[in-house]
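Asker: Pasting in a structure now, in structure tokens, and then I'll have a few things to ask.
The values are calculated or read from the model by the stated rules, or taken from the named source; none is laboratory data. Just so you know, these numbers come straight off a predicted model, no measurement behind them. Here the Cβ positions follow ideal geometry from the backbone for every residue, glycine too, while neighbour counts run over all protein chains shown. In case anyone asks, the SASA skips ligands and DNA or RNA and just uses the protein heavy atoms, side chains included. Shrake-Rupley method; radii C 1.70, N 1.55, O 1.52, S 1.80 Å.
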Amino acid sequence: MPVISAPHAFNEGSLFVDLASIFGYRLYLKCEGFNFAGSIKLKAANEMVESAERDGSLTPDSILVESSSGNLGVALSMIAASKGHRFLCVTDSRCNLSTKLLMEALGSQVHVVTDLDANGGFLGTRLEYVRSLCASDDRYVWLSQYTNAGNWRAHFRTTAPEIAGQFPRLDVLFLGTGTAGTLMGCARYFREWHRPVRIVAVDSVGSVAFGGKPGRRMIPGLGMSMRPPLLDESYVDEVVRVEEADTIRTCHRLARRGFLFGGSTGTVVSAATDWLARHDRSDLTAVAVAPDLGERYLDTIYQSNWLQDLYGEHLLDSTGAGSWDGESASRAPGRREGP
């Protein structure tokens, strides 16, 4: 089984990293950031665009429009450029600057909304703008990642079988929840599999995807300010919510071991290690999906001024992330030694 153990984690195609040496648990991370778009969103983007082309709703005269916090916008920008389509991404002020510049470099237009919606997020404002565009000009074609079945179908056809092929004895799968495309595609696939797999959905504190009180969320990617229309909770065994402070600490802990991942990955890994600590089962085979890499977050979650302004100057004290002493970092509080 081609599983790459930390820190030797370079391979073409589908890549899995064994995180046992970092967190002390038998947890494998499926890294989706090594395609040309840099994230798992390339799969959904390709599925939705090709479906729209097949059914005739997307023509050479069309202008693609989509609401995205970043990664889907980059994926659609790349696909639109390669196919000769025009694309307008509607994002918000939390979108990383590098992501916005990347979309523009690929020839896309980017519109940034700054007004909060009724739930304290930006999604409602973004959707309202998209709807107004479509009403004003019938050339606009909205793929609607939030309702498009191609979103989850892409992962039913690709992501889930890739995991199943590498881990035929899989016990538990941790999946971040934004639009719920990855979650629902994988959950549907493993519901039909030869053995039961526990599906653990990961959400950000402040998201209302699974209910609960809305709150401030500064890291784009996971979480929603509305219930995802694609979400069917009957396929979900458990939900774990993660504070953004824990997301950041996990990202920095991974970075100090040579792995630069994005905020969504930090959230999923934080949830997975917390779950494994509470269940304390060394015989479980667990996989978590890492949606993207960390280069697009260098001016946010890896930037000290940004972190201090939003979360305080002592956020990373318990991780050892501010120290050059690798030995002290490896002895951070809460670390469990592996078997």
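Asker: Placing one identical point scatterer on every Cα of the chain and ignoring solvent, what is log10 I(q)/I(0) from the Debye formula at q = 0.14 Å⁻¹?
Answerer: So the normalised log intensities work out to -1.13.
Asker: Along the charge dipole of the chain, pointing to its positive end and built from +1/-1 on Cβ of Lys, Arg, Asp and Glu, which listed residue (V112, G206, F23) has its Cα farthest out?
Answerer: F23
Asker: Considering only DSSP beta bridges where both residues belong to region 156-303, give the percentage that are antiparallel (nearest 5). Provide the component values of the computation, followed by the final result.
Answerer: Details: 1 of 15 bridges.
Counting DSSP beta bridges with both partners in region 156-303, the antiparallel share is about 5 percent.
Asker: Any idea of S62's accessible area? Nearest 10 Å², probe 1.4 Å.
Answerer: Only protein atoms counted, so the area is about 10 Å².
Asker: Nearest 10 degrees is fine. How inclined is helix 244-255 to the longest principal axis of the chain, computing both from alpha carbons?
Answerer: Tilt of helix 244-255: around 70 degrees.
Asker: Give me the orientation-averaged projected area of the Cα convex hull of region 245-290, in nm², one decimal.
Answerer: Reported value for the Cα convex hull: 3.3 nm².
Asker: Which aspartates and glutamates have a Cα less than 17 Å from the Cα of K41, not counting those fewer than 8 places away in the same chain?
Answerer: E32, E50, E66, E162, D292, E295
Asker: Right, another one. Which one, F87, S67, M48, is farthest towards the positive end of the dipole of the chain when Lys and Arg carry +1 and Asp and Glu -1 on their Cβ?
Answerer: M48
Asker: Would you kindly calculate the mean projected area, averaged across all directions, of the convex hull enclosing the Cα atoms of region 225-270, in square nanometres? Mind showing how you got there, number by number?
Answerer: Details: hull surface 16.5 nm².
For region 225-270, averaging the hull's shadow over all directions gives 4.1 nm².
Asker: Dipole magnitude of region 200-280 about its Cα centre, charges +1 at Lys/Arg Cβ and -1 at Asp/Glu Cβ only, in debye to the nearest 20? If you can, show how the numbers build up before the last one.
Answerer: Details: 10 positive and 10 negative charges, 93 e Å.
Roughly 440 debye for region 200-280.
Asker: Just to confirm the number: angle between the C-alpha axis of helix 181-191 and the first principal axis of the chain, 0 to 90 degrees, nearest 10?
Answerer: The two axes meet at around 60 degrees.
Asker: As a test of the definition: which semi-axes, in Å, follow for region 43-99 when you take the square root of five times each eigenvalue of its alpha carbon gyration tensor? Largest first, please. Kindly include the intermediate steps, with their values, before the conclusion.
Answerer: Values: eigenvalues 89, 23, 19 Å².
Output for region 43-99: semi-axes of 21, 11, 10 Å.
Asker: Let me ask something else. With N residues in region 85-132, what two-decimal value do you get for its Cα radius of gyration over 2.2 N^0.38 Å?
Answerer: Working: Rg = 11.3 Å, N = 48, 2.2 N^0.38 = 9.6 Å.
Rounded to two decimals, the normalised Rg is 1.18.
Asker: In addition: Computing the accessible area with a 1.4 Å probe over protein heavy atoms, can you report the carbon and sulfur percentage for the chain? Before the final figure, lay out the partial values.
Answerer: Numbers: 7280 of 14600 Å².
For the chain, the apolar C and S fraction of the accessible surface comes to 50 percent.
Asker: Mind checking which lysines have their C-alpha under 19 Å from K43, skipping anything on the same chain fewer than 8 residues away?
Answerer: Answer for K43, where 19 Å is the Cα cut-off: K30, K83, listed by chain and number.
Asker: Right, another one. How big is the dipole moment of region 46-113 about its Cα centre under a simple scheme where the beta carbon of each Lys and Arg is +1, that of each Asp and Glu is -1, and everything else is neutral? Debye, nearest 20, please. Provide the component values of the computation, followed by the final result.
Answerer: Numbers: 5 positive and 8 negative charges, 46 e Å.
Once rounded to the nearest 20, the dipole reads 220 debye.
Asker: Take the chain, connect every pair of alpha-carbon atoms lying under 10 Å apart with a spring to form a Gaussian network, then pick out the residue of W142, W275, W152 with the largest mean-square fluctuation.
Answerer: Evaluated over the chain, the most mobile residue of the options is W275.
Asker: Report, in debye and to the nearest 20, how large the dipole of the chain comes out about its Cα centre when Lys and Arg carry +1 and Asp and Glu carry -1 on their Cβ. Could the numbers behind the result be given before it?
Answerer: Numbers: 34 positive and 39 negative charges, 102 e Å.
The calculated dipole for the chain is roughly 480 debye.
Asker: Could you pull out which residues in region 250-286 have an amide N less than 17 Å from a spot 7 Å beyond the Cα of A20, following the Cα-Cβ vector?
Answerer: Inside the label zone: 273, 276-277, 280-286.
Asker: Moving on to the next point. Of A286, G176, T125, which is farthest towards the positive pole of the chain's charge dipole, taken about the Cα centre with +1 and -1 on the beta-carbons of Lys, Arg and Asp, Glu respectively?
Answerer: The one lying farthest along the dipole's positive direction is A286.
Asker: Quick one: compute the contact order of the chain, relative version, from alpha carbon pairs under 8 angstrom and 6+ residues apart, as a percent. Intermediate values should be presented prior to the final figure.
Answerer: Working: 657 pairs, mean separation 63.6, N = 339.
Value for the chain: 19 percent.
Asker: Continuing with the same structure: Using only alpha carbon pairs under 8 Å that are at least six residues apart, calculate the relative contact order of region 86-184 and give it in whole percent. Present the calculation step by step, with values, prior to reporting the outcome.
Answerer: Numbers: 75 pairs, mean separation 18.5, N = 99.
Relative contact order for region 86-184 comes out at 19 percent.
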